[in-house]
Amino acid sequence: MSDTVRKTLFVEGKEVEFTDEKNLLEVIRKAGFEVPTLCYRPELSTFGACRMCVVEIEGRGIQSSCTMPPEPNIRVHVNTEKVRRIRKMVLELLLSNHDMECATCVRSNDCELKDLANKYEVRDLRFSRKRTLAPIDDSSPSLVRDPNKCILCGACVRACNERQGLGILAFVNRGSRTVVTPALGMNLGDVDCVGCGQCAAVCPVGSITVKSDIESVRELIDDKSKTVVCEIAPAVRVAAGEEFGLKAGENVIGKLAAALRMIGFDKVYDTNFSADLTIMEEGTELIGRIKAGEKLPLFTSCCPAWVKYVETQHPDLVSHLSTARSPQAMFGSLVKDVAVNRDGIKREDYKIVSFMPCTAKKAECLREEFSVDGERDVDFVLTTQELIRLIKASGINLAALEPEELDLPFGMYTGAGTIFGASGGVAEAALRTVYEIVTGKALDNIDIEATRGLQGYKELKAHLAGTEVKVVIVNTLKEAEKMLQKVIDGTADFQVLEVMACPGGCIGGGGQPISCNDPAKKQMRANGLYKEDSELPLRKSHENPEVKAIYDSWLEKPGSHKAHSLLHTSYVNRFETCYKNQKSK
Amino acid sequence: MEPNELKIREKQAESAEKIAAQGTRVFVCAGTGCVANGSLEIIEKLKEAGINVQTIQEKKMTVVPTGCHGFCEKGALMVIPDLHFTYTKVKLSDVPEIIESIKTGVPVDRLLYVDPITNEKIAKNEEINFYAKQHRTSLCNCGHINPEDIDDAVAIREYEALEKVIRTMTPEEVVKEIMDSGLRGRGGGGFPTGRKWMFTQAAKSPTGKKYVVCNGDEGDPGAFMDRSVMEGDPHKLLEGMAIAGFAVGADEAYIYVRAEYPLAIKRLRIAIAQAEERNLLGKNILGTDFSFSIHIKEGAGAFVCGEETALIASIEGERGMPRPKPPFPANKGLFGMPTLINNVETLANVPLIMLNGASWFASMGTEKSKGTKTFALTGEVNNTGLIEVPMGTTLREVIFDIGGGIRNGKKFKAAQIGGPSGGCLTEKHLDLPLDYDSLIQAGAMIGSGGLVVMNEDTCIVDTAKFFMNFTQSESCGKCVPCREGTKNMLKILDNITKGKAKMEDLDLLQELARSIQAGSLCGLGKTAPNPVLSTLKYFYDEYVAHIKEKRCPAGVCSALRTITIDADKCKGCTKCARNCPAGAIKGEIRKAHEIDQAKCIKCGACISNCPFKAIKEA
């Protein structure tokens, strides 16, 4: 607008222009000044609890910059003696209530508290540190909660509420007895936690972390009697390089193949392969449901946090979920079945490890329906974070490796499989295939832009041989819940609902390298996936030659009896029991 | 419109008739304090015994349960204004004599108040110093009406101001009147009420909805002025809220009361129902276009819910934790709508201002603090209770005139004013006018009006520790300085009272205090260090004595007591050794005994058991 008055304020004497920044902190940071924070998370609501971001404003004294809206002409000082004293005191107070077992903490390298304590020269603690240690909650297959490290910043509470609408974690008690806990002091494994890991993704310290299965995987690899193969999920390849000095979004799939072979995996495969397979099965299922006009809208079933959400919160709606297993689960059942029943390897000697951006996948692989004779289809799931640690601990610098090819046949994939890692990718991949199957015509423009982008809600209409199909794409369960309410009250006007529980899809997964202070990384990772898609020779799942081959040689055709037994599943009402009776092996 | 054309006039006449028909009214306090002293049973028995009684004035007698009279320590209280009787410490067994006195007009002598200084017996309520020196405005009806009968309220012109406002004034005029009165928030902060109203009035609501919220979450230990208004004169509060609603454009309101005020909740509910029945609340009040409904929200009794944003969160069903301001409630408050939030006492002043005019209100008090203020006067004074005085009254007048001086002829040492957020005043402040600004300058604050008087036997460190213990356990736990800082301040204070502190700890204590003041999110944290800072300022030596000499000058801190046996006086009777629970006293019979200081737990059992006064404590 031409009549908008230019608004400025002063940071350390430097005139800084501002427009619609949500708080003073953003303006200060935009101007290139650093202000420390612990509880502030740009994508969550402002909490104002840690007081690290205090600044001094002339005439107004000390203010927390995260809670203060920018105002014209104010003069802000970000590093005065008074400000530093408060920050240092806050750090000293937090550490006096922290277990300080930094050497053994999984967040040792990227702990925000440790980093700031170091920067602010907190060397000796003047306050007594006597405290009894609270038990560590490792009941969840996905996450570990250590209350002794919690600094009560409330980021996890906000993430669970604001992203997933679940409110699994909340503040309890008052004053210095305040703790963050699931309801009634229960364990994470005993409540309706879907395991998405968004709490861990925003934790500034090591209080909520991804449960590590690295040692179990090491044991498998060290056992020479076992064949150990692995699959890599789409979103992993565009994030794993971040910890090795590469840019977010840089595709390191070839380097990962090299690294994982050095570590000792017998074969390095790709979950993109089974993503292509998912499209064949789910696409066929969708066409069937539309023809029959039943169980619509169809809900995608790739996201295990979403599946558990439906099973626990809306068990009446499970019939809407696609019966197609998730790409991880399909990969496990199919590849093991081929190894055992075609190649004659003993089931207990053939092990599959999957690398996922996702913490909920750790729970998914423990589902009873995804094992045969007590042997799991996918033996272990390591998140991107664990993959990075595994590579580093093996003395490998990922960035310096020459890319290698993935193994065939299960390392063959199309661009449609790759984009599964971003919100909208499943819908786009499905449309590419379904359109061509239904219409028999080639799709003019393969890039379906309406499916792309990080926003929570997207929709588009597709014309499939006279039938108009409305596709709704949401990410985060809070957005999904709005759609479910429409299904419940009968106002749902869409036929397909794609849901990914994490913001932006799997690229923002709870197991990805922590990026909560740098939201731009999610877009960069998504761009990396779309870039790979655009560069691949094959970009439609039904064109994947190895997918065609496996149907011809092993599965007959999409939706066949065998495909059903290996690639589909059924859902149960978990309203009361969650995963109570399922235990890790 | 002329005053006589108000519709309420008719109702007033009706109600006055009903009241007159009650004959001689016997007011028995049914406030929480007196109920605890058995006043409900007394009321029942009096009603029974008084059925056919003809009073000296040849009228029938009617027993009227009232709200708090303020002089709770003398409960159960009974006042018969027609006969000029005030009875104190009434028991159930006194009823026959009281009935007799009503018949004969001769008061029951032993139930009369005795002046602690002159030892004179006083029958007339208005002649008792405790009342005579007060100036009751917001509390003016407490104790003089039946809070459960709206006729009592209407007869004394309650709701008249409301009708006057909605029939003859514009919202802007109402806000201006409140501005001109100089009324400031009585809940603690002292923010100009008129400005708060103006902001809420000016705020744009996304849906047109605005709310009025009454903060009745009285949390200061010992303060009970808000409870007294809600229990004793609920209609005045409801009227004040309705006027506020008219002024800011709200049609719905909440009163946030802590659940541990069941009597206040009960009486408010009765009052709301009665007012709705008479069309003084609800839809189209008195036939006008103005509608106003009031809900009650029971709080769980967290101190922090007295902070307005935490209170709003609590009404919304969220955990009571303060939210960052801005946005201020005036712009984005309850359920995201513009919300006016005022404390009970503030709102109780509103009808009087509208009835008597801003200049009447502004004529009381000081230049910047207008009107009157209630104080919960407790501690070592002769008369404790709830009082109301004009702003600017001196501490001396409060303690020595109304309070009747220090108990048992002891010496005044200090007064803690403003509760756990307030500060300490000393002898040199006795002539300080009690108003918002003078107190802030002295390092204290009016707060909600808690006033604890301490004598020479009070340990100042122990007192600071008491308040710090309160704020640290009532901190909501959200921001680091308040949650962790108060915990560590308390730890240091505890060490001082146990003789385990070093002089450096005093520096750390002050450093912590300054960081908490400057760095906390809400008022609770920002003011939590006040009791420590003000006592450090005025009683530094007492802190030092605890640390350096391991001595508590007031002899309160048990860990610092040293108990010794005077060998010259000890006869060796062994009684002390037999009564020592720690086995710390040794000695042969008929020879002087000795205390093993390492074993002594300083309980003092030996001192009270020694027949020869040979055991002393230092």
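I need a count of the residues in the stretch B:503-546 that are within 13 Å of another protein chain (Cβ to nearest Cβ) and not aliphatic (A, V, I, L, M).
Summing the residues that are within 13 Å of another protein chain (Cβ to nearest Cβ) and not aliphatic (A, V, I, L, M) in the stretch B:503-546 gives 14.
Could you identify the single residue in A:322, A:326 that is touching a strand residue (DSSP E or B) at 6+ places or on another chain (Cβ under 6 Å), among the polar types (S, T, N, Q) and surrounded by 24 or more Cβ atoms within 10 Å (Cβ to Cβ)?
Within the list A:322, A:326, the selection yields A:322.
From the list B:102, B:117, B:178, B:145, exactly one residue is touching a residue at least 60 places away in the same chain (Cβ under 8 Å), part of a helix (DSSP H, G or I) and outside the structural domain of residue B:286 (by TED's automatic domain parsing). Which is it?
The conditions single out B:102.
Table: residues versus (1) modelled with pLDDT of 95 or more; (2) more than 18 Å from residue A:559 (Cα to Cα).
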site	(1), (2)
A:277	yes, no
A:288	no, no
A:292	no, no
A:301	yes, no
A:310	yes, yes
A:333	yes, no
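From the set of residues in the stretch B:488-499 that are within 11 Å of chain A (Cβ to nearest Cβ) and touching a helix residue (DSSP H, G or I) at 6+ places or on another chain (Cβ under 9 Å), which is farthest from residue B:458 (Cα to Cα)?
Taking the candidates together, the pick is B:488.
Failed condition for residue A:497, given (1) out of contact with any strand residue (DSSP E or B) (no Cβ under 9 Å at 6 or more places or on another chain); (2) modelled with pLDDT of 95 or more; (3) more than 23 Å from residue A:384 (Cβ to Cβ), with all others met?
Of the numbered conditions (1) out of contact with any strand residue (DSSP E or B) (no Cβ under 9 Å at 6 or more places or on another chain); (2) modelled with pLDDT of 95 or more; (3) more than 23 Å from residue A:384 (Cβ to Cβ), the odd one out for residue A:497 is (1).
Of all helices (runs of 4 or more DSSP H) completely enclosed by the stretch A:440-559, which ones contain at least 3 residues that are of a type in the set (Gly, Ala, Ser)?
Passing ranges, in order: A:520-535.
Restricting to the stretch B:543-571, name every residue that is buried (at least 18 other Cβ atoms within 10 Å of the Cβ) and more than 16 Å from residue B:460 (Cβ to Cβ).
Scanning the stretch B:543-571 gives B:561, B:563, B:565, B:570.
Looking for something of a type outside the set (Val, Ile, Thr), within 22 Å of the chain's Cα centre (by Cα), buried (at least 22 other Cβ atoms within 10 Å of the Cβ) and in a helix (DSSP H, G or I) - is there at least one such residue anywhere in the stretch B:438-453?
Within the stretch B:438-453, one or more residues are of a type outside the set (Val, Ile, Thr), within 22 Å of the chain's Cα centre (by Cα), buried (at least 22 other Cβ atoms within 10 Å of the Cβ) and in a helix (DSSP H, G or I).
Going by the structure shown, is residue A:99 away from every other protein chain (no Cβ under 13 Å), within 19 Å of residue B:488 (Cβ to Cβ) and buried (at least 19 other Cβ atoms within 10 Å of the Cβ)?
Judged against the criteria, residue A:99 is a match.
Go through the stretch B:300-331 residue by residue and tally those that are modelled with pLDDT of 95 or more, farther than 22 Å from residue A:51 by Cβ and within 14 Å of another protein chain (Cβ to nearest Cβ).
Count: 3.
Mind counting the residues in the stretch B:566-592 that are under 22 Å from residue B:555 (Cβ atoms) and not small (Gly, Ala, Ser)?
Result for the stretch B:566-592: 8.
Any residue in the stretch A:125-153 that's away from chain B (no Cβ under 14 Å) and without any contact (Cβ under 8 Å) to a residue 40 or more places away in the chain: show its pairings with residues that are among the acidic types (Asp, Glu) and assigned to a loop (DSSP other than H, G, I, E, B) at Cβ separation under 8 Å, as long as the two are six or more apart or on different chains.
The qualifying pairs are A:133/A:99; A:136/A:146.
Does residue A:460 satisfy being under 25 Å from residue A:358 (Cα atoms) and either touching a helix residue (DSSP H, G or I) at 6+ places or on another chain (Cβ under 9 Å) or crowded, with 24+ Cβ neighbours inside 10 Å (or both)?
no
Residue B:427: touching a Lys or Arg at 6+ places or on another chain (Cβ under 8 Å) and buried (at least 24 other Cβ atoms within 10 Å of the Cβ), yes or no?
Here the answer is no, as residue B:427 does not meet what is asked.
Please state which of the following conditions residue A:25 fails to meet, knowing it meets all the rest: (1) under 11 Å from residue A:70 (Cα atoms); (2) at pLDDT below 95.
(2)
Looking at B:196, B:204, which is the one that is assigned to a helix (DSSP H, G or I), of a type in the set (Lys, Arg), in contact (Cβ under 8 Å) with a residue 60 or more places away in the chain and over 30 Å from residue B:63 (Cα atoms)?
B:196
Mind listing just one residue for me: the one in the stretch B:152-196 that is in contact with a strand residue (DSSP E or B) (Cβ under 7 Å, 6 or more places away or on another chain) and of a type in the set (A, V, I, L, M, F, W, C) and, of those, surrounded by the fewest Cβ atoms within 10 Å (Cβ to Cβ)?
The extreme case among them is B:191.
Report, ordered by the first and then the second residue, all pairs with beta carbons closer than 6 Å, sequence separation of six or more or different chains, a first member in the stretch A:46-74 that is over 18 Å from residue A:30 (Cβ atoms), and a second member that is surrounded by 24 or more Cβ atoms within 10 Å (Cβ to Cβ) and acidic (Asp, Glu).
Final answer for the pair search is none.
I'm told residue B:478 meets every condition in (1) within 14 Å of another protein chain (Cβ to nearest Cβ); (2) in contact with a Leu (Cβ under 7 Å, 6 or more places away or on another chain); (3) assigned to a helix (DSSP H, G or I); (4) not aromatic (Phe, Trp, Tyr) except one. Can you identify the failing condition by its number?
If we test residue B:478 against (1) within 14 Å of another protein chain (Cβ to nearest Cβ); (2) in contact with a Leu (Cβ under 7 Å, 6 or more places away or on another chain); (3) assigned to a helix (DSSP H, G or I); (4) not aromatic (Phe, Trp, Tyr), just (3) comes out false.
May I ask you to list the residues in the stretch B:319-333 that are within 28 Å of the chain's Cα centre (by Cα) and under 30 Å from residue B:391 (Cβ atoms)?
The answer is B:322, B:325, B:328, B:329, B:330, B:333.
Could you please give the count of residues in the stretch B:129-142 that are under 29 Å from residue B:48 (Cβ atoms) and either assigned by TED's automatic domain parsing to the domain that holds residue B:280 or of a type in the set (A, V, I, L, M, F, W, C) (or both)?
Residues in the stretch B:129-142 being under 29 Å from residue B:48 (Cβ atoms) and either assigned by TED's automatic domain parsing to the domain that holds residue B:280 or of a type in the set (A, V, I, L, M, F, W, C) (or both): 1 in total.
When you scan the stretch B:288-326, how many residues do you find that are closer than 22 Å to residue B:248 by Cβ and out of contact with any Phe, Trp or Tyr (no Cβ under 8 Å at 6 or more places or on another chain)?
14
Give me a count of the residues in the stretch B:151-189 that are closer than 21 Å to residue B:214 by Cα, of a type in the set (A, V, I, L, M, F, W, C) and either modelled with pLDDT under 95 or in contact with a Phe, Trp or Tyr (Cβ under 9 Å, 6 or more places away or on another chain) (or both).
9
Anything in the stretch A:390-409 that is surrounded by fewer than 16 Cβ atoms within 10 Å (Cβ to Cβ), at pLDDT 95 or above and not small (Gly, Ala, Ser)? List them, or say none.
A:392, A:397, A:402, A:403, A:405
The values are calculated or read from the model by the stated rules, or taken from the named source; none is laboratory data. As the structure is a prediction and not an experimental result, all values here were calculated from the model. Every residue, glycine among them, receives a Cβ derived from its backbone with ideal geometry; neighbour counts consider all protein chains shown.
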